[in-house]
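Engineer: Got a structure for you, questions after.
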Amino acid sequence: MCTKSGIWLFSAAVIWGASGLAGCGGDKGSDYRTFDKGKDTSHDAEHGHAHNHDHEHGPHDGELIELGEEEFHAEVVFDEEKHKLTLYLLGADAKTAVAVDAKELSLELPGKDAPVTHAMAAGPADADGKASQFEITSEELIEAFHNDPKTVGKFKVTINGKEFAGEIKHSHDDHDHKHEEKK
């Protein structure tokens, strides 16, 4: 025989148990990693959520791209007025420049029949002849990113003997936000 208080207690226990499954203690999946106070600075990092650079900016106010498992970063800056795209290579802290031996990087974009490759020339070299900055000036390239938000450019770079791949996307929301801030 059930009583009203028994039903209420049973219902409360079921709701309480279900809410525990939906919180941070649920399935951690592949995006989970342990909080590290030295590396994780985002407001949700302490709760075990993956560190994500979706709306973070680098030291040149560009969009950040993660290379490897937070080993390195790239920062992409679009200058639509000059039709220039600049890629900066950065360390794990997403601030410190990382120079490589490459004289250019290839940026591959989808084409009508086959991918189209663009050469990004190395910027100013450091004392060892290495560069941490690569750029290309191309109205066609900038228009491709600007006109189609689904455009993705792919590049590869070798840093300290290890190859990393990255994808460049142009965030129109971020672009509009930057223009609003400058007004």
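Where a number appears in this text, it was derived from the coordinates with a stated rule and is not lab data. Remember, it's a predicted structure, so these values are computed and weren't measured experimentally. Heads up, the Cβs are rebuilt from the backbone with ideal geometry, glycines too, and the neighbour counts pull from every protein chain shown.
Engineer: Determine, yes or no, whether K112 is basic (K, R), closer than 19 Å to I142 by Cα, free of Cβ contacts under 8 Å to residues at least 60 places away in the same chain and not in a strand (DSSP E or B). Spell out how you get there, then give the answer.
Structural biologist: On the way: basic (K, R): yes; closer than 19 Å to I142 by Cα: yes; free of Cβ contacts under 8 Å to residues at least 60 places away in the same chain: yes; not in a strand (DSSP E or B): yes.
Yes; evaluated as a whole, the condition is true for this residue.
Engineer: Restricting to segment 115-155, name every residue that is touching a Ser or Thr at 6+ places or on another chain (Cβ under 7 Å), of a type in the set (S, T, N, Q) and part of a helix (DSSP H, G or I).
Structural biologist: Result: no residue meets the conditions.
Every residue, every condition in (1) surrounded by 14 or more Cβ atoms within 10 Å (Cβ to Cβ); (2) closer than 17 Å to V77 by Cα; (3) in contact with a His (Cβ under 7 Å, 6 or more places away or on another chain), yes or no:
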| position | (1), (2), (3) |
| --- | --- |
| D128 | no, no, no |
| A131 | yes, yes, no |
| E135 | yes, yes, no |
| I142 | yes, yes, yes |
| E163 | no, no, no |
| H170 | yes, yes, yes |
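Engineer: Could you count how many residues in segment 64-101 are outside any strand (DSSP E or B) and in contact with an Asp or Glu (Cβ under 7 Å, 6 or more places away or on another chain)? Give the steps one after another, and end with the answer.
Structural biologist: Taking segment 64-101 and keeping what is outside any strand (DSSP E or B), we get 68-71, 80-83, 91-96, 98-99, 101.
Still in the running and in contact with an Asp or Glu (Cβ under 7 Å, 6 or more places away or on another chain): 83, 92, 99.
Count: 3.
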